[in-house]
Amino acid sequence: MDFSRPIPGYLVKKQNIVRLILFTAAFALVFINIYSPFGVSSWFNISKLELLFYSSLVILTGVLVVVISRIIMYQLAKRDVKISLGKYLIWIAIEIVSMSLFYTFYELLILKDPRSFEGAIKASIQNTSLVLLLPYSTLWLYFSWKDNKEKLEELKSETDISIEKKGMVIFNDDKGTMRLTLKLEDLLYLKGADNYVTIYYNDHQKQEKFLLRNTLKQLEESLRPHDIIRCHRSYMINFNKVKLIERSKEGLRIRLDVLPVIEIPISKTYSSEVFTLFERNG
């Protein structure tokens with residue numbers, strides 16, 4: 001492990017520092033009232049509820065060490081001071097020792113603990129390490145996972161934009177995973193049914209179809225910039241393929257400029273948008 005390399009940027013982000021402080025405080029509260037370290041059960045001759053209040057107050061006072069420490073770390077990061085992994089681990093060790101000294105002096109001076117300083121500080125360091133290292137490790141893993149997820153989403157977004165610039169249309173499923181990419185000129189129309197959409201397209205002069213788990217409603221906004229619009233509750237069309245619009249006994253229908261002939265119904269709900277686009281492209 002290279003201890004000289006800088007720590008990941010997500011460790012000194014303001015929102016992550018706030019999360020770390022809050023999570024550490026909450027963990028400390030639960031830890032002290034379940035595990036009862038530092039001899040808290042013998043601090044006061046009072047009820048359990050009162051003990052919960054007083055012991056929690058003392059622990060949260062100790063957590064102020066973390067608050068002050070992380071504020072200093074954040075200010076250093078803002079000034080572009082590089083913190084290496086080795087220095088970060090030393091920083092955590094200093095936090096543990098500082099909190100341990102606070103709890104030790106509290107036990108010896110305020111509570112008149114009969115133990116020697118060496119015995120008290122040893123137990124305090126052990127307990128404080130658990131109070132800090134467990135939430136620190138958990139959040140480090142969480143921050144790393146979240147950072148990697150955001151980078152992957154950003155990379156995916158950049159890839160999608162690059163593909164769209166090349167005249168391609170991307171189809172994602174209901175979980176956001178890309179399932180099909182087509183040239184706009186090859187796409188014909190989409191037909192929706194429940195939670196699935198069938199995509200009809202040309203492949204070397206032959207009409208093919210692809211079943212996608214998604215809904216027309218979820219696809220509408222992402223496809224609109226390509227002039228792929230809704231013309232019916234169950235249909236979306238690639239308007240670049242529209243040859244004509246005709247009125248028959250069954251109502252308005254769109255005929256696509258392909259062979260064999262494909263006709264798609266137009267419902268009253270979407271007729272206005274269809275005619276507006278038709279006039280604009282006419």
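The values are calculated or read from the model by the stated rules, or taken from the named source; none is laboratory data. From a predicted model like this one, the values you see are computed outputs, not experimental measurements. So basically every Cβ, Gly included, is an ideal-geometry build from the backbone, and we count neighbours across all protein chains shown.
Below is a table of values for the structure above.
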item: Subset of the range 166-192 that is under 18 Å from Pro225 (Cα atoms) and of a type in the set (Ser, Thr, Tyr) - its residue that is modelled with the lowest pLDDT; result: Thr181
item: Meets criteria (farther than 25 Å from Phe275 by Cα and either of a type outside the set (A, V, I, L, M) or touching a residue at least 40 places away in the same chain (Cβ under 8 Å) (or both)) for Glu153; result: yes
item: Residues of the range 65-112 satisfying the condition of being in contact (Cβ under 8 Å) with a residue 40 or more places away in the chain, of a type in the set (A, V, I, L, M) and part of a loop (DSSP other than H, G, I, E, B); result: Ile83, Leu111
item: Pair list, Cβ < 8 Å and 6+ apart or interchain, from the range 11-29 residues that are in the same structural domain as Thr128 (by TED's automatic domain parsing) to residues that are of a type in the set (S, T, N, Q); result: Phe23/Thr138; Leu29/Ser56
item: Residue within the range 222-238 that is on the phi > 0 side of the Ramachandran plot and surrounded by 15 or more Cβ atoms within 10 Å (Cβ to Cβ) present; result: yes
item: Residue within the range 145-159 that is modelled with pLDDT of 85 or more and either crowded, with 16+ Cβ neighbours inside 10 Å or outside the structural domain of Leu20 (by TED's automatic domain parsing) (or both) present; result: yes
item: Enumeration of residues in the range 9-50 that are assigned to a loop (DSSP other than H, G, I, E, B), surrounded by 12 or more Cβ atoms within 10 Å (Cβ to Cβ) and at pLDDT below 70; result: Ser36, Trp43, Phe44
item: Hits in the range 189-240 - residues which are among the basic types (Lys, Arg) and either touching a strand residue (DSSP E or B) at 6+ places or on another chain (Cβ under 7 Å) or not assigned by TED's automatic domain parsing to the domain that holds Glu273 (or both); result: Lys191, Lys209, Arg213, Arg230
